[in-house]
Structures are given as structure tokens and as C-alpha cells.
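Notes follow the structure.
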Amino acid sequence: MERCSGRTLEVILIFSFVLFFLAPTLLAGIRIQPAYVEVQMDKERPAGRFLISNVGDQEERYRINAVHFTYSEQGGLRQSKTGDNSLAQWIRFNPREITLPPKTQRAVRFAIVPRGKLQPGEYWAAMELESLNVNVVTTESDQAGRSVKLRTITAIMAPIFGSVGKVSYSGEIKQLELTTEDGAIFLEALVAATGTGRIAAKAIYEIRNESGEVVDEGPFTRAYVLRGAQRRFRKKMEANLPDGEYTIKITFEAVHLQEALTKQITVDWPKSLPVFQSDQATTAASSDKSNESTSKNEGQRESTDNQERMEPKTDDQA
């Protein structure tokens with residue numbers, strides 16, 4: 001915070017960071033390919049690379065960091081230097097800073113040098129592109145003559161997953177319910193990753209009336225549920241359905257799961273409390289694969305729940 005003579009000028013530093021998911025992604029003129037990397041940690045020296053492209057019209061400068069990340073149950077993206085199942089402390093990038101003139105690209109290579117014996121399972125971190133171009137916005141003065149200066153630093157993260165030994169991929173939809181808030185109806189689900197690896201899933205929902213006819217369907221979410229964690233997903237329901245009894249089903253599909261996760265409930269629309277909850281939930285489990293990796297821990301910086309729209313967009317992977 002800065003103090004200026006004659007008036008108070010508050011300087012607030014805002015970190016805005018986003019996490020890419022499965023497909024090459026473009027943000028603010030920067031494209032990262034691939035959007036994530038998987039390595040096998042059982043190899044002698046696991047390594048990989050990202051290709052960073054500036055497709056915009058302005059020069060971009062970035063510092064390259066290795067960071068750990070997790071999600072809160074509500075979906076907040078948290079970032080830290082290290083944590084449980086973290087790769088961040090072992091990753092070395094080359095180069096450490098890049099300058100990208102418009103319409104140019106640069107390869108960033110990394111190597112992972114773990115220390116000690118690792119237990120089987122998935123470990124993870126992210127390559128963080130921390131912008132060295134700071135955006136400054138000054139608000140209008142209030143009645144007391146004070147203004148606020150906002151300095152925004154944007155950081156872009158691309159995940160790196162590493163697997164050790166056999167990794168099991170499984171999950172469970174623990175809850176599915178309708179809720180109401182301010183007159184709006186929401187579909188909510190609580191999903192847990194129960195194996196030693198992540199679930200990178202995309203989910204859909206469908207609503208059937210008493211005759212079994214599908215009256216509404218669509219995407220529900222697309223997101224990571226990291227190893228040992230659970231996440232709560234929420235979607236506002238836009239369908240204008242007549243009062244009655246309906247069956248709502250959600251399906252989570254993921255590239256690592258042998259069987260999709262499903263759960264359904266029967267509700268009186270538009271009442272928020274289910275009148276019946278079926279036992280038709282599958283705890284889907286997974287093929288034991290050893291070619292992926294992950295890591296997680298409680299972080300120090302947390303974003304708002306907008307990373308769903310910034311999480312992996314699938315290229316035939318979810």
C-alpha cells in the first residue's frame with residue numbers, strides 16, 4: 001500500500017491465475033501446447049517440454065516457475081510451492097524467463113529430479129507462466145479524494161502429471177441433489193477420487209419425465225478431481241418444466257476410468273428435496289495404469305471458482 005501526499009493512494013496487487021486442462025488452449029494471445037504433460041517417473045530421468053506461442057500483437061514476457069496446485073471442495077484453485085504428492089520441488093525449467101515478440105514461439109523444456117524413493121501413485125505440479133508485464137488500473141476518486149490503484153499479474157498454469165508404479169483410477173459420486181437459491185434451481189453433485197490417481201472428467205446430465213421421455217439434457221461440468229480429494233459441482237437449471245416427478249441422472253466419463261460414474265435421483269419438480277434416491281450409483285473403478293501422474297496439497301493462493309471454464313478442454317480425453 002502506498003501513501004501519497006494530499007490523498008491516499010492504495011495499491012492492491014492482484015494475482016490472477018488460470019489452469020489449462022486437456023487441449024491446447026489460447027488465453028490472452030498465448031497458446032500452450034500441449035495443455036498438460038504426463039511422464040513416467042520410473043524412467044531414469046523423466047523430462048518433457050511445452051511450446052509457448054504468442055499469437056497476439058504485443059510483446060509478452062514471462063518468468064517460468066514450478067508450482068503445486070489443489071482445489072478446495074467448492075472448486076477454488078489453490079497454489080503453493082509444494083505439498084503432498086507434489087512434483088514442484090523437483091522440476092527444473094530451461095529457460096527460466098522468456099520474451100516473446102508478436103507471432104513467435106519458444107520451447108520450454110523441463111526435467112524432473114526426484115529425491116528419495118517414491119511410493120506408487122500419481123504426483124503433480126504445473127508450469128506457471130508468471131507475466132512480467134504488470135497491468136495497472138486506477139479507479140476514480142471517491143468523495144474523500146482517494147483512489148485505488150490495482151496492479152494485476154496474470155499467471156497461466158499448465159499441469160505436469162507423473163506416475164510411479166501402478167496407478168489406480170477410480171471415483172464415486174457421493175451426493176446428487178436439487179437445491180434452490182433466490183428462486184433459482186441448481187443441480188449439485190459431490191464427486192470423490194478414490195484411487196491413487198486423478199479423475200479428469202467431463203460430465204453430462206439428463207432429466208426424464210414419468211413417461212421416460214428425456215425433457216432436458218446437456219453438459220454438467222468438466223474438471224479435475226485430484227488424488228485423495230473430492231469436489232462439489234453446481235449447475236443452474238434453465239429448463240422450464242411443469243410440476244411433476246422427474247428422474248435426474250448424471251454421468252461422469254474419464255479417459256482413465258474403465259466404467260463411467262453414474263448416479264440418479266427422482267424428485268418432485270421444482271421442490272429442492274429429493275423424494276427418492278435410487279441405489280443406481282456406480283463406484284466406478286479403474287484400470288490400473290502406470291502412465292500418469294499427479295500431486296496435490298493445500299495452497300497459499302486461491303482463485304475464484306472460474307477455473308472450470310479454464311480447465312482442460314478435451315481432445316477425446318476427459
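The values are calculated or read from the model by the stated rules, or taken from the named source; none is laboratory data. All of these numbers come straight from a predicted model, not from anything done at the bench. Quick reminder, even Gly has a Cβ in these numbers, built from the backbone with ideal geometry, and neighbours come from all protein chains shown.
Listed values, structure above:
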quantity: Qualifying residue in the range 177-187 (condition: touching a residue at least 12 places away in the same chain (Cβ under 8 Å) and in contact with a Gly (Cβ under 6 Å, 6 or more places away or on another chain)); calculated: no
quantity: Leading residue by the ranking (nearest to the chain's Cα centre (by Cα)) among those in the range 36-72 that are part of a strand (DSSP E or B) and of a type in the set (S, T, N, Q); calculated: 70
quantity: Single residue of the range 239-283 satisfying the filter (more than 16 Å from residue 186 (Cα to Cα) and of a type in the set (Phe, Trp, Tyr)) that is modelled with the lowest pLDDT; calculated: 276
quantity: Which numbered condition residue 233 fails, given (1) closer than 24 Å to residue 83 by Cβ; (2) more than 14 Å from the chain's Cα centre (by Cα); calculated: (2)
quantity: Candidates 171, 162, 121, filtered to the one that is within 24 Å of residue 75 (Cα to Cα), surrounded by 19 or more Cβ atoms within 10 Å (Cβ to Cβ), modelled with pLDDT of 95 or more and not assigned by TED's automatic domain parsing to the domain that holds residue 44; calculated: 171
quantity: Considering residues of the range 206-215 that are in contact with a Phe, Trp or Tyr (Cβ under 9 Å, 6 or more places away or on another chain) and assigned to a loop (DSSP other than H, G, I, E, B) only, the residue surrounded by the fewest Cβ atoms within 10 Å (Cβ to Cβ); calculated: 210
quantity: So residue 213, is it outside the structural domain of residue 46 (by TED's automatic domain parsing) and modelled with pLDDT under 95; calculated: no
quantity: Members of the range 90-105 found to be within 26 Å of residue 39 (Cβ to Cβ) and assigned to a strand (DSSP E or B), listed by number; calculated: 91, 92, 93, 94, 97, 98, 100, 105
quantity: Complete set of residues in the range 55-102 that are closer than 30 Å to residue 195 by Cα and β-branched (Val, Ile, Thr); calculated: 67, 70, 82, 91
quantity: Qualifying residues in the range 73-89 (those that are surrounded by fewer than 23 Cβ atoms within 10 Å (Cβ to Cβ) and assigned to a strand (DSSP E or B)) - the one modelled with the lowest pLDDT; calculated: 80
quantity: From the options 20, 50, 69, residue that is modelled with pLDDT under 55 and within 17 Å of residue 93 (Cβ to Cβ); calculated: 20
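Conditions (1) surrounded by fewer than 15 Cβ atoms within 10 Å (Cβ to Cβ); (2) farther than 30 Å from residue 86 by Cα; (3) modelled with pLDDT of 95 or more, marked per residue:
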site	(1), (2), (3)
142	yes, yes, no
145	yes, yes, no
148	no, yes, no
182	yes, yes, no
185	no, yes, no
191	no, no, yes
201	no, no, no
204	no, yes, yes
